[in-house]
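These notes concern the structure reproduced below.
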Amino acid sequence: MQSFNGKKVVSGIAIGKIKIYKTSTYEINTAQNFDPDNETKRFEDARLIVQRQQHELYEKALVTTGQDTAGIFEAHELMLDDEDLIEACKDFINDKYCAEYAVQTGFDNVAQTFSEMEDEYFKARSADVIDLKNSMLDVLSGHSGESLQANEPVILVAEDLAPSETVKLDKNLLLGLITRQGSQNSHTAILARSMNLPTLIQCHEITDDCEGKFAILDGYNSCVYIEPDENIVKELTAKHEEDIKKEKLLQELKGLPSVTKDGRKIRVYANIGGIKDINAVIENDAEGVGLFRSEFVYLDSKTDPDEDTQFESYKRVLQDLSPRQVIIRTCDIGADKQVDYLNLEHEENPALGFRAIRICLTRPEFFKRQLRALLRASAFGNLGIMFPMIISKSELLRCKEILSECQKELAAENVKIGKFEIGIMIETPAAAICADDLAEEVDFFSIGTNDLTQYTCAIDRQNANLEPFSDTHHPAVLKLIKMTIDAGHRHNTWVGICGELGADLSLTREFVSMGIDELSVNPKSVLPLRAAIRDLDLKELKQEIPVENNNSKPGFFRRLFK
Ligand code: PEP
Ligand code: MG
């Protein structure tokens, strides 16, 4: 038996034979005696063909892996129009090199520039340039671009896989993926995640002589066993069968309500960042969207998005997900989410600074553009409008005032407005403590446990060095959550959680016992959360001790409800 370690991109177990995947190599003529006109024409023809291919891959990915990954090929199409990239190649053609040499050298130079960048995201883009280079060389050499040739499903081992190679692979022939190179941020990793295939990257040591050998990829422990011992086969086969059963059970939960055994119904919603996540909401059978982080519409744009651009995004999400409720949070820019065009001043302490509603209330015209877009979109589905980072009733009243100004303007313009709910994020201790006052003014609260934990415990959520000091189940945070739920319910305001803690299955029982009405989680956590809710029986907890009466010892709820 041999074993090789890598880095996990997708966990899970794959059992089968290894297939080594080789990318085509080319002999390139380095002579400097080619006709520039002829080579320019060959270069341009190839560029247009590859652009068309990328468009076809985009359409294929839309159907097979979703909008998110399809966007990779859309970006490739645009990259091929990049003037710097084209110039980098044409310089060589003008020096009388052949188109193949110009593409090889020009694309490699651009890829090299990307790979030397500090930013991990841009670093990973170098693989996209290499992918395009290979497609260009395939076309110039008349090569078809090899796809996976196998007659049974295999664990594929490659040096690295380009996005276009990955999407061309027949998923029915794939059990798992292993690459020797690659990064967590690469588009191949993103594609692997969306295909949900056990995947290892940076498995540097795995050798070509594994071809055809029986292997087990253990994504949980980030390793692959070649010709594994009997006991490993037994152990991992059992784990694999357990995974299959679990996945099947989860799929069977689609269409079923998220209700406890004793009849408490919890709404299980999903968090999204934009249009690209609509499929994930539907596929994972989320009952609504509890948090659409609208700031991604701003982060995805090079300029301040205008009212119509925003309207189109909100309308599309509302329409596609109707009749589900979609809660759109107004812009939460600032702190870790910055855009250049807002020209925000540098701050020493951005998490405590000029962010979210503070920007919107200081720039009413900016805020009104978004509110008008939201109100116009409300006619197309079931909308909730949510304000982030609220700390006082006066702020909330000002938000509502601006919202009703927009309503009046649109009414005067004869624009149809649908029904919608209004809510706020509870993500500061101030909001949780004043929740009674705030609840009078809104239909719902959504607890943002990510920021609530950061502000309650004074632990910067961006600083990994603080992990030893952080307790995601801190009793103070749990107490604030309980206070918020109680305050909301005293005023007929429903209460949900949209921070990461909502997906923490070790707290589901506690949240349901506290009386939570809705949990909004990343789409992949919807079905596991529904399973956990359906497994709960809270009959035995007839008398819930109100949090005000306890002496707030750590782990109070955990001890009470375990
Ligand atoms: C939160 O703070 O818990 C939250 C959901 O908002 P974000 O993570 O976008 O700050
Ligand atoms: Mg937040």
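A few comments on the model shown:
- Sequentially through the range 381-389, phi angles give Karplus couplings (6.51, -1.76, 1.60; θ = phi - 60°) of x, 10, 9, x, 9, 10, 9, x, 6 Hz, Gly and Pro residues having no value and appearing as x.
- Each peptide in 190-196, 264-270, 56-62 receives the mean, over its residues, of other Cβ atoms within 10 Å, and ordering these scores from highest gives 264-270, 190-196, 56-62.
- Close amide H contacts of VAL9 (hydrogens built in the peptide plane, cut-off under 5 Å, sequence separation of 5 or more or a different chain): THR199, LEU200, ILE201.
- 24 Å Cα-Cα threshold exceeded, pairs from LYS90/LYS276; LYS22/LYS171; LYS302/LYS337: LYS90/LYS276
- Inter-site label distance for LYS524 and ILE433 at 7 Å from Cα along Cβ, in nm: 3.8
- Packing-based ranking, highest mean first, of 312-318, 45-51, 445-451 given that Cβ atoms within 10 Å are counted: 445-451, 312-318, 45-51
- For the chain, the share of DSSP beta bridges that are antiparallel, to the nearest 5, is 30%.
- Within-15-Å neighbourhood charge of ARG355 [Cβ basis; K, R +1; D, E -1]: -4
- Modelled FRET efficiency - R0 35 Å, TYR220 with HIS474, Cβ distances, 0.05 increments: 0.80
- At R0 = 30 Å, FRET efficiency that the Cβ-Cβ distance of LEU173 and MET117 yields, to 0.05: 0.30
- Under Karplus coefficients 6.51, -1.76 and 1.60, residue-wise ³J(HN,Hα) of the range 438-447 in Hz, glycine/proline x: 6, 4, 4, 9, 9, 8, 8, 10, 10, 7
- Phi-derived couplings, Karplus 6.51 cos²θ - 1.76 cosθ + 1.60 at θ = phi - 60°, listed residue by residue for the range 176-182: x, 10, 9, 10, 7, 9, x Hz, with x used for Gly and Pro.
- The chain - percent relative contact order, Cα under 8 Å, separation 6 or more: 14
- SER11-THR362 pseudo-label distance in nm [points 7 Å out on the Cα-to-Cβ vector]: 4.2
- Using C-alpha pairs below 8 Å separated by at least 6 residues, the relative contact order for the range 24-141 is 31 percent.
- Accessible area, probe 1.4 Å, largest first, for residues LYS234, LYS254: LYS234, LYS254
- Of the peptides 493-502, 90-99, the ranking by mean beta-carbon count within 10 Å, highest at the top, reads 493-502, 90-99.
- Cβ-derived FRET efficiency at R0 30 Å, ARG316 paired with ALA412, nearest 0.05: 0.70
- Backbone amide hydrogens, once placed in the peptide plane, bring ASN522 within less than 5 Å of ASN271, excluding anything fewer than 5 places away on its chain.
- Under a 5 Å amide H cut-off, with hydrogens placed 1.01 Å from N, VAL289 pairs with ALA270, GLN325, VAL326, ILE327 among residues at least 5 apart or on other chains.
- Straight-distance crosslink candidates among lysines, where the alpha carbon sits under 21 Å from LYS482 and sequence neighbours closer than 8 are dropped: LYS265, LYS393, LYS539, LYS542, LYS553, LYS562
- Links that overshoot a 24 Å alpha carbon limit, given the list LYS168/LYS245; LYS8/LYS239; LYS7/LYS123: LYS168/LYS245
- Total formal charge among the other residues, if their Cβ is under 13 angstrom from that of ASP91, Lys/Arg +1 and Asp/Glu -1: -3
- Positive contributions from Lys and Arg (+1) and negative ones from Asp and Glu (-1), summed over other residues with Cβ under 12 Å from the Cβ of VAL268, come out at +2.
- Helical contribution to [θ] at 222 nm, DSSP H n ≥ 4, -39,500 (n - 2.57), averaged over the chain, rounded to 500: -14000 deg cm²/dmol
- Three-way shape label, the range 258-561, alpha-carbon gyration tensor, a/c 1.5: prolate
The values are calculated or read from the model by the stated rules, or taken from the named source; none is laboratory data. Predicted model, so just to flag it, every value in this text is computed and none were measured. Every residue, glycine among them, receives a Cβ derived from its backbone with ideal geometry; neighbour counts consider all protein chains shown. SASA here: full protein model, heavy atoms, side chains in, ligands and nucleic acids out. Shrake-Rupley method; radii C 1.70, N 1.55, O 1.52, S 1.80 Å.
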